[in-house]
Amino acid sequence: MTQTSTKSELIEVSSNPLTFHLHNSQVSYVFGVEDENVLAHHYYGKSVDHYSNLRRYPRLMRHFAPSPEEIETRDFSLSTLPQEFPGAGGADYREPGIVVEFPNGSRTVNFTYDSYTITDGKPQLAGLPATFAQKDEAKTLTVKLVENDAHLELYLSYTIFRDLPVITRSARVKNLGQQPVQVQRLASFSLDSPDNELNLLQLNGRYAQERNVTVEPLNTGIKILDSKRGASGHTQNPFCALIDRHATEFSGEAFGFCLIYSGSHKSIIQMDGYNQVRIQMGINDQNFEWWLEPQKSFQSPEAVLVHSDQGLNSMSQSFHDLFLNHLMKSKYSHQTRPILLNNWEATYFNFDEKQLQDIISSSHDLGIEMFVLDDGWFGERDAPDSSLGDWVVDRKKLPNGLKPLSDYCHSLGMKFGLWFEPEMISVKSKLYEDHPDWVLEIPGQRRSIDRSQFVLNLGRAEVRDYLLERMSYIIDHADLDYIKWDMNRNMTEVYDAKLSASEQGEVSHRYILGLYDLLEHLTDKYPDILFESCSGGGGRYDAGMLYYMPQTWTSDNTDAIARLKIQYGTSLLYPVVSMGAHVSAVPNEQTGRMTPLRTRGLVASSGNLGYELNPLNLLENERQEVKLQIKWYKAHRHLIQFGKFYRLQDPFETMRTAWMFVSDDKKAAVAMYFNIFSEASSPLHMLNFAGLDPSQKYSVNGEYTAYGSELMQIGIYPLTQNDGDFDSAVFELKAVE
Ligand code: GLA
């Protein structure tokens, strides 16, 4: 007998065989219990109203495909069955979702279905950032699997959001045995699919050139995208997508995957000999082992699965929507953000109170709303080789402390923000004299240094207590409105002398749990502070940090032309409002390039706008131009920061970039167009808008009117004369009668 629950419930459960169908109007995700109680994957993609078990895996005779001894058969084997969470050491020779070492030395583990529960909304994950939902916004299915020989339970959680094509997944393993076991891998999810005509899209890069979009066809073998840095890292964002071979920004299927985790991560994309695809994401299992005492559990971070059947823009918009409404917990997540001036590229370490006051006053005059004092205000920090950890104001530079600067900002109606790099320590510091053992290192052995600094072991409570106390003191005494939380090197020699030899595989993850614990305390204690995360620019731009800090310094590369690619790649999943984007001086610090102020302004105005230059050095005509930029941004800020974002032209494929922002009611839009190199006898290039109401008439820059359908389908010529390299244009669209 088949029992089916109502559609509105989001999760339909049918019996005989037991099948789970998670679906809303946009997406369906189906799996069920197969022979031998194995949990098998059926379908993930565009929503279907009904599922009649069409994807039950066919019984096919396979060679070299072991089956359970009790049912000896050659047509049922884990080696080819699409599974929900593959074990290790048994008949499935593909990548395992979980590896556990038992006291007898075995590493074989295979789970079978036991039971399930469904809850309204979404339970939080203990100690980890994760998406959240009200009771009526989502439903969560938790499936309990058991491994009776090994005395383990595995809980797979699936949340489906009511109004988004999003499923989130995580896994928790529990030890029911009498002895501790060691978890050596636990993927956050594993997904098998027979669909293989797909491209893999990923975001890789390096310092100052983060999140390059790279697309390649899936092929047989294993592809690993990972970070072993103890941070999500500049080089590989914890995100990838499987997309149709012919997917574009506006058409084709795209499956986006992202891990809500800020430490070492690993994505495995495998295509086996039968061309079946398996994708997994989770904590990197290199140097990872977690002891599980009897009755204890280990919880994986959460992964987000987004589906789109209308290309990449739609996938990105779903990520943006999810992150804004169900991930960023800050009270500022939905508030427009202040335009800031950061003094880093203006002064570096050399400043005094008077100079900063002049910068503040000049910024105020330009219309800037917040001053951020970057590195160099503490200890004896005149260069990057000292004082990290000594979070005490440098009285040589600022004899009266920070308060007068903060008061001055407040007296002008501006906000005051401050840079910290809490997770680090300089050897030249009082903190190092007092607590050399707080460093992440192997005592007595050679260690690696980077930017003259070492990493503090945030896995230890006393380190976190110290940082919480120091930061609270400064926040209270300097009356801060904003904190830039930086992290300027990655982990090496990951070791904690206070832990036993067999616990060393836990250090990296304990660090991340410690970091989250500290952030939880600090953000709870200071809900009014706007936090921005940073790691040498965008070296830790991930969903885990966004949970605590609703904006990120996108890249140390402030070159507007380089930023086109960086911001384009970043927008694949991170919302525009989260992207710190600053106008800096020319020639650019990182590239030496001279880009017109107009284009620098427009690129930075495509994100969360700020300035990173000395306003006192601006020429009078530049001051006037900056004033206008700021005025313009303020007028369009809400639309840019919270409108629907569309990528229109791809800087990775052409010498042009275009994107646009459309208000929810489609009555207003702004589009920006960038032409990287000027050409003689240039061919004509078009710009087609997107996201408009086809039957609505719009005025374009107040110069002419056209219907949405014309602007989208026919398009315009955005630049009709050669104004040199790095030229740009902006189009303001307003609905008219
Ligand atoms: C990192 C950040 C910069 C700046 C410097 C200060 O590189 O990304 O924005 O804060 O540190 O040392």
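Quick one: length gained pulling Tyr707 to Ile224 fully straight, 0.36 nm per residue minus the C-alpha distance? Walk me through the numbers before you get to the answer.
Numbers: separation 483, 0.36 × 483 = 173.88 nm, distance 4.68 nm.
Here the answer is 169.2 nm.
Other residues with beta-carbon under 14 Å from the beta-carbon of Ile224 carry, at +1 per Lys or Arg and -1 per Asp or Glu, a net charge of +2.
The residues of the stretch 80-326 expose, per residue, 34 Å² of accessible area to a 1.4 Å probe.
Look at the alpha carbon pairs under 8 Å that are at least 6 residues apart: their mean separation over the length of the chain gives a relative contact order of 10 percent. Normalising by residue count, the stretch 429-499 has a Cα convex hull of 111 Å³ per residue. When the pairs Lys354/Lys484; Lys223/Lys498; Lys415/Lys525; Lys135/Lys631 are compared against a 31 Å limit on Cα-Cα distance, Lys223/Lys498; Lys135/Lys631 fall above it.
When the accessible area of the stretch 656-736 is computed with all protein chains present and a 1.4 Å probe, what percentage of it is carbon and sulfur?
Details: 1860 of 3830 Å².
Carbon and sulfur together cover 49 percent of it.
A cut-off under 9 angstrom between Cβ atoms defines the neighbours of Leu198, and their net charge, with Lys, Arg +1 and Asp, Glu -1, is -3.
In the chain, the DSSP-assigned H stretches of four residues or longer account for a calculated mean residue ellipticity at 222 nm of -5500 deg cm²/dmol, using -39500 (n - 2.57) per stretch and the full residue count as denominator.
Return the carbon/sulfur percentage of the accessible area of the stretch 331-641, one whole number, probe 1.4 Å, all protein chains in place. The partial results should precede the final answer.
Details: 5220 of 10360 Å².
In the stretch 331-641, the share of accessible area belonging to carbon and sulfur is 50 percent.
Residues in the stretch 656-736 average 47 Å² of solvent-accessible surface per residue, probe 1.4 Å, ligands and nucleic acids excluded.
If you average the C-alpha positions of the stretch 474-521 and of the stretch 588-606 separately, how far apart do those two centres end up, in angstrom? Cα centroid of the stretch 474-521 versus Cα centroid of the stretch 588-606: 34 Å apart. At a 1.4 Å probe radius, carbon and sulfur cover how many percent of the accessible area of the stretch 80-326? Reported share for carbon and sulfur atoms: 45 percent. Computed from backbone phi, the HN-Hα couplings of the stretch 151-168 come to 6, 10, 10, 10, 10, 9, 9, 10, 10, 10, 8, 4, 10, 9, x, 10, 10, 10 Hz, rounded to whole numbers (Karplus: 6.51 cos²θ - 1.76 cosθ + 1.60, θ = phi - 60°; Gly and Pro given as x). Only Cα pairs under 8 Å and 6+ residues apart enter the sum, and on that basis the relative contact order of the stretch 127-236 stands at 15 percent. Each Lys or Arg adds one and each Asp or Glu takes one away; over the other residues whose Cβ falls under 11 Å from the Cβ of Met660, this sums to +1. The packing ranking, built from the mean of other Cβ atoms within 10 Å per residue, places the peptides 577-584, 280-287 in the order 577-584, 280-287, highest first.
When only Cα pairs under 8 Å and 6 or more residues apart are kept, what is the percent relative contact order across the stretch 80-326? It would help to have the intermediate numbers written out before the result.
Values: 658 pairs, mean separation 51.6, N = 247.
Rounded, it is 21 percent for the stretch 80-326.
Accessible surface area normalised per residue over the stretch 478-554 is 24 Å², counting heavy atoms of protein chains with a 1.4 Å rolling probe.
How large is the Kirkwood hydrodynamic radius of the chain, counting all unique pairs of alpha carbons, in Å? Numbers along the way, then the final one.
Numbers: mean 1/r = 0.0367 Å⁻¹.
Its Kirkwood hydrodynamic radius stands at 27.2 Å.
The values are calculated or read from the model by the stated rules, or taken from the named source; none is laboratory data. All of these numbers come straight from a predicted model, not from anything done at the bench. Heads up, the Cβs are rebuilt from the backbone with ideal geometry, glycines too, and the neighbour counts pull from every protein chain shown. With ligands, DNA and RNA removed, areas are computed over all heavy atoms of the protein, side chains included. Shrake-Rupley method; radii C 1.70, N 1.55, O 1.52, S 1.80 Å.
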